[in-house]
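Contents: one structure, followed by commentary.
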Amino acid sequence: MADNSNIAIKIAGLLNLALKAGKLILGADNIRTAKGKTVINAIIIDAGLSEGTLKKLQRCAGEKNIPFYLFDGKVADIIHKENCKAVGIADANIWAGLQPIIVNSTEFKKILNT
């Protein structure tokens, strides 16, 4: 079984790959207003997100049936983007690589969509 540092490195690597490929949507407003061919495969937030923004993202995720996860750390620290508290993963292959890691990690908690 992989230790937490290896898991963190894998998660950071895949999220940064998505960022470099232009397949990581940064910020709650950008996630909620994503249009066109952009399909969001999952949303990851951190605890620093305001309650109002959290509810808006939950509603958006619920309407579009998007998996929604709370990270027990700072999203900004993973992707090296200051003040970023929410990301949308817009690449099915990257999400396929991340999903089993996130689902089995104690640092992530699935949030029910509303």
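Annotations
- Of the residues making up region 51-63, those that are under 14 Å from Ile40 (Cβ atoms) and exposed (fewer than 13 other Cβ atoms within 10 Å of the Cβ) number 1.
- The requirement of being farther than 21 Å from Ala12 by Cβ and aliphatic (A, V, I, L, M) is fulfilled somewhere in region 65-82, by at least one residue.
- Ile9 vs. criteria part of a helix (DSSP H, G or I), at pLDDT below 95 and more than 20 Å from Lys110 (Cα to Cα): yes
- Residue in region 29-39 that is under 18 Å from Asn104 (Cα atoms) and touching a residue at least 40 places away in the same chain (Cβ under 8 Å) present: no
- Asp46 meets each of the listed conditions (1) among the charged types (D, E, K, R); (2) crowded, with 16+ Cβ neighbours inside 10 Å; (3) farther than 24 Å from Leu112 by Cβ apart from (3).
- The number of residues in region 52-71 being part of a strand (DSSP E or B) and either free of Cβ contacts under 8 Å to residues at least 40 places away in the same chain or among the small types (Gly, Ala, Ser) (or both) comes to 1.
- Ala90 meets the stated requirement of being at pLDDT 95 or above and in contact with a Ser or Thr (Cβ under 6 Å, 6 or more places away or on another chain).
- Residues of region 72-114 satisfying the condition of being crowded, with 16+ Cβ neighbours inside 10 Å, over 12 Å from the mean Cα position of the chain (by Cα) and either assigned to a strand (DSSP E or B) or of a type in the set (S, T, N, Q) (or both): Ser105, Asn113
The values are calculated or read from the model by the stated rules, or taken from the named source; none is laboratory data. Please read these numbers as outputs of a predicted model, since none were measured by experiment. Neighbour counts run over all protein chains shown; Cβ positions are idealised from the backbone, glycine included.
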